[in-house]
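A short reminder: the numbers here are calculations on the coordinates, not readings from a lab. What you see is a predicted model; the values in this text were computed from it and never measured. Every residue, glycine as well, gets a Cβ built from its backbone with ideal geometry; the counts of neighbours run over all protein chains shown.
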Amino acid sequence: MPLVDCSKLTSSVIPITQSMKEPKKFPGVLSGVMLVVAILFGGAGAVGYMAYGSDIQTVVLVNLPQDDKFVQAVQFLCKSFRLFFRAYPDS
């Protein structure tokens, strides 16, 4: 699934660059956005590690109490979306 998203992204770079008033600024803007996203993800990971310690699992939903009905509903929705997007990747 991430490979499909990356291939769609690379095919949209040229139209985005061509529609900009100053296309020479695109690499700087892209780098800035990627830096902000990396800081957000890194911060979320650090906060998760500080909250749970080394017992934290890679999948966030596994860290939640498995006997809670709300957690089970969220897990079901996540699995349903995953199956939907595998069946219809261009949706």
Within the under-15-Å Cβ sphere about GLN75, not counting GLN75, Lys/Arg +1 and Asp/Glu -1 give a net charge of +1
Kindly state, to the nearest 0.05, the FRET efficiency for PHE76 paired with LYS24, given R0 = 35 Å and r defined as their beta-carbon distance.
0.15
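Stretch VAL37-PHE84 to full length: gain in nm at 0.36 nm per residue minus the Cα-Cα span?
14.3 nm
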